[in-house]
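Each remark here refers to the structure printed beneath this line.
The values are calculated or read from the model by the stated rules, or taken from the named source; none is laboratory data. The structure presented is a predicted model; accordingly, all values stated were derived computationally and were not measured. FYI the Cβ positions are ideal-geometry reconstructions off the backbone, even for glycines, and counts take in every protein chain you see.
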Amino acid sequence: MPSGAASPAELTARFAAEAAAVSDRLGYEGLRLAWTGRKKGILRAMLAGMKDVAPQDRREYGQAVNELKRAVETGLEALAQRLAEEEKAAARRAATLDVTLPGRRPALGSLHPVTVVNRDIEAIFAEMGYSVAEGPEVEDDYHNFEALNFPHDHPARDTQDTFFLNSGALLRTHTSPVQIRTMLARTELPIRIICPGKVYRNDNDLRHSPMFHQIEGLAVAEGITVGDLKGTLEAFIHRLFSADTGVRLRPSFFPFTEPSAEVDITCPFCGGSGASLQGGGACGVCSATGWMEILGCGMVDPRVLAECGIDPDIYTGFAFGLGVDRVAMIRYGIPNIRMLFENDERLLRQVQP
Ligand code: PHE
């Protein structure tokens with residue numbers, strides 16, 4: 001036997017230990033090559049060692065190496081069988097259906113805050129007898145401005161920060177053109193409609209986004225007064241927020257209404273006090289004023305009625321334009337309008353219809 005090398009008996013034990021540690025096909029191949037490899041295998045080295053064994057010991061050595069070889073061969077066979085069985089068992093385990101496991105819940109989507117607010121507002125006005133009208137987002141100068149009594153080169157146009165398209169068309173800056181389209185296409189009076197939709201202005205900061213949502217309201221009939229406008233808006237606001245929400249009208253200007261007003265509600269965060277409810281100080285939501293502006297309104301200007309072929313000596317009307325995103329921010333306490341359009345699921349998931 002070559003001096004210093006392991007004896008066949010020691011190698012048999014070593015092989016058995018190595019085989020027991022193998023757990024996959026890769027390990028099996030490594031083991032097989034290490035022991036039976038034609039060039040560098042251990043068995044091969046043992047046979048080559050025969051020449052260093054004293055002649056009288058060669059017989060015994062040869063027998064021992066033969067025994068080792070058989071042990072390795074049967075060991076490899078057994079190992080291959082064990083691995084095949086383990087694979088089968090694993091496949092069976094993977095394929096079993098465990099009916100006692102809890103089911104996977106489908107991820108339910110939620111409605112966008114703007115959708116929720118739109119639906120609530122539509123429902124309130126539907127109860128008051130209003131129907132929903134819609135109009136195009138790509139408008140022309142006539143419906144967005146001209147017919148609404150914005151004269152050419154009138155500074156009021158600047159307040160709208162209009163996006164113009166190359167064709168000369170524009171992205172509507174408000175939902176008021178739907179008033180015009182509705183009046184022009186009317187088949188009967190009175191008219192009572194609301195028009196929800198997207199509007200666009202070149203404006204971008206914490207409170208303004210280049211795209212936002214408005215709901216336009218229009219009522220035209222004989223004998224409609226400012227009292228009807230105020231009563232309708234108060235009833236609406238009390239339904240949308242709460243019955244104790246304060247409402248105030250501030251005189252304002254729009255080319256298509258006369259008189260015009262902006263409507264504020266008492267800040268729902270400080271209850272109108274202007275003081276922060278958490279730990280004193282000023283209310284940051286309404287900047288300590290106690291009020292928040294949510295819409296513009298007024299009596300439809302007689303020139304607008306006349307432009308649409310409605311006799312202003314017989315008919316009067318009121319109109320309003322509400323900022324839907326503003327209402328959603330107030331209702332859900334969202335401080336930045338852009339959060340409404342990032343579609344971060346962490347925000348959307350919190351919206352309860
Ligand atoms: N269209 C106006 C705006 O977007 C709002 C408004 C609508 C005012 C209807 C009065 C009547 O600024």
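Among the residues of the range 188-195, is any touching a His at 6+ places or on another chain (Cβ under 7 Å), within 16 Å of the ligand (Cβ to nearest atom) and in the same structural domain as Leu218 (by TED's automatic domain parsing)? Before the answer, list the steps.
Start the filter on the range 188-195 by keeping residues that are touching a His at 6+ places or on another chain (Cβ under 7 Å), which leaves none.
The answer is no; no qualifying residue exists.
Whether any residue in the range 150-162 is closer than 14 Å to Cys308 by Cα, of a type in the set (A, V, I, L, M, F, W, C) and more than 34 Å from the chain's Cα centre (by Cα) is what I want to check. Break it down into steps so the answer makes sense when it comes.
So in the range 150-162, the residues closer than 14 Å to Cys308 by Cα come out as none.
No.
Which condition does Arg326 not pass, out of (1) within 16 Å of the ligand (Cβ to nearest atom); (2) exposed (fewer than 11 other Cβ atoms within 10 Å of the Cβ); (3) of a type in the set (Lys, Arg), if it passes all the others?
(2)
Could you tell me which residue of the range 278-305 is farthest from the ligand (Cβ to nearest atom), considering only residues that are farther than 21 Å from His208 by Cα and touching a Phe, Trp or Tyr at 6+ places or on another chain (Cβ under 7 Å)?
Within the range 278-305, the first condition is being farther than 21 Å from His208 by Cα, and the residues that meet it are 278-282, 298-305.
Cutting the leftovers down to touching a Phe, Trp or Tyr at 6+ places or on another chain (Cβ under 7 Å) gives us 298-301, 304-305.
Values: Gly298: 5, Met299: 9, Val300: 8, Asp301: 10, Val304: 10, Leu305: 13 Å.
Checking each candidate, the answer is Leu305.
Inside the range 225-246, can you point out the residues that are surrounded by fewer than 19 Cβ atoms within 10 Å (Cβ to Cβ) and either within 16 Å of the ligand (Cβ to nearest atom) or hydroxyl-bearing (Ser, Thr, Tyr) (or both)?
Across the range 225-246, the qualifying residues are Thr225, Val226, Asp228, Lys230, Ser242, Thr245.
Got a number for residues in the range 1-32 being touching a Gly at 6+ places or on another chain (Cβ under 7 Å), part of a helix (DSSP H, G or I) and without any contact (Cβ under 8 Å) to a residue 60 or more places away in the chain?
Adding up the residues that qualify gives 1.
Give the range 281-296 a look and list any residue that's within 28 Å of Thr173 (Cα to Cα), in contact with a strand residue (DSSP E or B) (Cβ under 7 Å, 6 or more places away or on another chain) and hydrophobic (A, V, I, L, M, F, W, C), or say none.
Across the range 281-296, the qualifying residues are Cys286, Trp291, Met292, Ile294, Leu295.
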